[in-house]
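Step one of this worksheet: look at the structure below.
The values are calculated or read from the model by the stated rules, or taken from the named source; none is laboratory data. In this text, all values refer to a predicted model and were calculated from it rather than measured experimentally. Cβ coordinates were reconstructed from backbone atoms using ideal geometry, including for glycine residues, and neighbour counts include every protein chain displayed. The protein model used for the area step is the full one, side chains on, heavy atoms only, and it has no ligands, DNA or RNA in it. Shrake-Rupley method; radii C 1.70, N 1.55, O 1.52, S 1.80 Å.
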Amino acid sequence: MDGEEVQIKKEWLERQKNYINLSAKQPCNKPHLDFILSNIRSILPKIDELILIASNTNPNFIFCTDTWLNSEVPDNVVSLPNYEIIRSDRKNRRGGGVSVFFKKSLKITRFDLDIDRNNCEYLCFISDEIVYILFYLPPKTQVDSLIYYFDQMHIKCPLYKTCILGDFNRFNVSDLCNALNLSYFVEIEIEWFP
């Protein structure tokens, strides 16, 4: 990205400041969440934009789906200042993959679910007594597989509040919430990468 593109992105972000509040303000019975979620569709060519967004919004977490990373791309190539990264890359083919950037000051504990990674990509971790699960579900994912994923999450972490997020492709989020007795809340939706 050249200097002019960087300046345009900075100006755009400045104009958006009045409209963007990425910290979900929820009633006291819901957790306070401070994150960005992006279906980034190839993170490498967008890393400079992601650095700008992170520095201007300063969220605790940045969740990315469709990272298109693989084992040949080291973490330092996609690093963000003041953030650590965890990731799960798609194996043996292009596309997919998920990653989470989290502030270096945060303590997280990563764990796995008993899920076949050939059917979905995911990352699970606990931070501040909240379980976060980032999914990328391919378009051909079956409903019974999805229910199994959520069952596994409840078996591993039955007593924690849970934040499930990601790219669910063909699944309607409202229908999922109803079927699985979940609450859906998003404070604001913005298309970062047109």
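Using the Karplus relation 6.51 cos²θ - 1.76 cosθ + 1.60 with θ = phi - 60°, the per-residue 3J(HN,Hα) values for the stretch 154-165 come to 5, 5, 6, 9, x, 9, 9, 5, 10, 10, 10, 8 Hz, with x marking Gly and Pro. Extension gain for Phe111 to Asp151 (0.36 nm times residue separation, less C-alpha to C-alpha distance): 12.9 nm.
For the stretch 84-189, what does the alpha-carbon gyration tensor say about shape, rounded, prolate or oblate, given a ≥ b ≥ c as the root eigenvalues, a/c under 1.5 as rounded, and a/b over b/c as prolate?
rounded
With a Förster radius of 45 Å applied to the C-beta separation of Gln142 and Asp75, the computed FRET efficiency comes to 0.85. Ranking of Arg94, Arg87 by solvent-accessible surface, largest first: Arg94, Arg87 (1.4 Å probe, protein heavy atoms only, all chains present).
Computed from backbone phi with θ = phi - 60° and the Karplus coefficients 6.51, -1.76 and 1.60, the 3J(HN,Hα) list for the stretch 45-56 is x, 10, 4, 5, 5, 5, 4, 4, 4, 4, 6, 7 Hz; x is used for glycine and proline. Taking Lys and Arg as +1 and Asp and Glu as -1, the other residues whose beta-carbon sits under 9 Å from that of Ser88 total +1. Note on Ile51: accessible area approximately 60 square angstrom, rounded to 10, probe 1.4 Å, nucleic acids and ligands left out.
With θ taken as phi - 60° and the Karplus curve 6.51 cos²θ - 1.76 cosθ + 1.60 applied, the whole-hertz 3J(HN,Hα) list for the stretch 115-124 is 10, 6, 6, 6, 9, 6, 10, 7, 9, 10 Hz, x standing for glycine and proline. Under 5 Å from the amide H of Gly166 lie the amide H atoms of Phe135, each residue being 5 or more positions distant or on a separate chain, with H modelled from the backbone and absent for Pro and chain starts. Taking 0.36 nm per residue of sequence separation and removing the Cα-Cα distance, the Tyr184/Lys91 pair yields an extension gain of 30.4 nm. Residues whose amide H falls under 5 Å from that of Glu121, counting only those 5 or more places apart or on a different chain, are Tyr136, with hydrogens built in the peptide plane.
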